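K.L.:
Got a structure for you, questions after.
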Amino acid sequence: MAMLIDCLKVRIKPVSIPTPGSLSHANIGLGVGLLGGRYSLNPQTTTESEIKAAQAREELTRAAAAEEMNLMRKNTETGGTLARKNVATKAELMAEKSKNEEAAMMADIAKLNTMSIRFTKFKTLLDMPVIDLEQLRKLSWSGIPEEIRSTVWKLLMGYLPSSADRRDATLQRKRKEYEEYVAQSFGRGKATLDQALYHQIHIDVNRTHANIPLYQTPRIQEALERVLYCWAIRHPASGYVQGINDLVTPFFHVFLQSQTKGDVERADLSLVSPETLMEVEADSFWCLTKLLDGIQDNYTHLQPGITRQISRLKELINRIDARLYAHLQSQGVEFIQFAFRWMNCLLMRELSLRNTIRMWDSYQAEGTDGFSDFHLYVCAAFLVKWTEQLKKLEFQDMMMFLQSLPTQNWDDKDIELLLSEAYMWKSLFHNSPNHLSTQS
């Protein structure tokens, strides 16, 4: 009996489990490891039923192996597809970035070419024996290159003659005349000045462009005080009015810039000689005088010019944007509450000095009415620009918004858009027979 059991006993030996990569038709047979098992059968000592069971398990093993291989193949294909998609996406992004960079570069090149062409046109005009001022105005309306802005401003303001032969003599004469004004007023010391007038000028100059270090230096402040004091003494009908201190700085800035040949706000003033600074002072004095001659009613007693401008602005807004006008009225907002400063300081408290200088290129190109009539339309375009924000606000919030408008990040493009809109309103309304009944 024991011998019979020994003969029927299944002989078992351990085998290793195949990996998916090692499976093949050659090594799949009765001796293959069973799915999930650790042993194989010896066919010499195995019954028929055991052999059939092993064959069934073999089929299951083959099916499982085939399924696993298919799954691995699919995963590989999917991974490859995703990888290809990622590579394609990355390539597309790089191509788009390259395209954008190329477009930006081409735009810069086009801008430089345009600037070069415009500069050449300016130089051609300025080199003429007698400058065609009308052509110079047309060219200046879209902005004046920094390198020649000083000369162009002096020409457009009427400070320099159009004839090249007369310019040097005119400059020498006018600068000497200003030096005499300074000597007459300041030659015997500040104690002999009109103390009330000088005190007010001194206070205002200290507050002028407080955010620009250049205008907080003693040399610059003293120069501005001399310009403003000499102007006020020679214009007793108006005298000095707060706000005029702002109006001198664009001239001073541009003329000093031409002497420093770089960023004037970072210039080493120790390199600017007293004689050069006196020339900047003199040129600023005479151009300020030309400017104020055209808007003197803004600064005479009761400032009737500003009152008239505000009335015209009110009527103009009613025609341009009736809904905004109605909202301002419903909230009890009076135009004088915000627009007085716009007229008195020519929007200089609302815009940066750089923005102002660009705007004044166009103001001077407009001719004698640039700082009066055209400025009115600029103020109208400026107010209408904030229509959507203003319509959502009530009185208190509206006044706070109008006193601190978000123009800190404005650049030349913003100013040019504002000027273009103002020009459009002027073209539409200025010569209209029913427009601005208060116009004088």
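K.L.:
Any aspartates and glutamates with Cα under 13 Å of the Lys290 Cα? List them, leaving off those in the same chain fewer than 8 positions away.
P.N.:
Straight-line reach from Lys290, under 13 Å: Asp369.
K.L.:
By its C-alpha gyration tensor, with a ≥ b ≥ c as the square roots of the eigenvalues, how is region 304-440 shaped: rounded for a/c under 1.5, else prolate for a/b larger than b/c, else oblate? Mind dumping the intermediate values first?
P.N.:
Details: a/c = 1.59, a/b = 1.10, b/c = 1.44.
Oblate shape, in that a/c is at least 1.5 and b/c is the bigger or equal ratio.
K.L.:
Would you mind ranking Cys230, Cys345, Cys379 so that the residue whose beta carbon has the fewest other beta carbons within 10 Å leads the list? Each step should come with its number before you reach the end.
P.N.:
Numbers: Cys230 22, Cys345 18, Cys379 25.
If I rank by nearby Cβ atoms, fewest first, I get Cys345, Cys230, Cys379.
K.L.:
What nm distance separates the two modelled labels at Lys121 and Gln55, each placed 7 Å from Cα along Cα→Cβ?
P.N.:
With each label placed 7 Å out from Cα toward Cβ, I get 9.8 nm.
K.L.:
Rounded, prolate or oblate: pick one for region 360-436, where a ≥ b ≥ c are the square roots of the eigenvalues of its C-alpha gyration tensor, a/c under 1.5 means rounded, and failing that, prolate if a/b is larger than b/c, else oblate.
P.N.:
Working: a/c = 2.36, a/b = 1.46, b/c = 1.62.
Oblate, since a/c reaches 1.5 and b/c is not below a/b.
K.L.:
Would you mind calculating the relative contact order of region 128-294 from Cα pairs under 8 angstrom and at least 6 residues apart, reporting the percent as a whole number? The partial results should precede the final answer.
P.N.:
Numbers: 132 pairs, mean separation 42.4, N = 167.
25 percent.
K.L.:
Shifting gears a bit: As an exercise, use a Förster radius of 30 Å and the Cβ-Cβ distance of Arg188 and Ser273 to find the FRET efficiency, rounded to the nearest 0.05. Write down the numbers at each step before the final one.
P.N.:
Details: r = 24 Å, r/R0 = 0.81.
Result of the calculation: an efficiency of 0.80.
K.L.:
Shape call for region 128-294 from the C-alpha gyration tensor, a ≥ b ≥ c root eigenvalues: rounded (a/c under 1.5), prolate (a/b greater than b/c) or oblate?
P.N.:
Prolate, because a/c is 1.5 or more and a/b exceeds b/c.
K.L.:
Using alpha carbon centroids, what distance separates region 226-249 and region 166-186, in Å?
P.N.:
That distance is 18 Å.
Values quoted throughout were computed directly from the atomic coordinates according to the rules given, and no laboratory measurement underlies them. In this text, all values refer to a predicted model and were calculated from it rather than measured experimentally. Here Cβ is always computed from backbone atoms with ideal geometry, including for glycine, and neighbour counts include all displayed protein chains.
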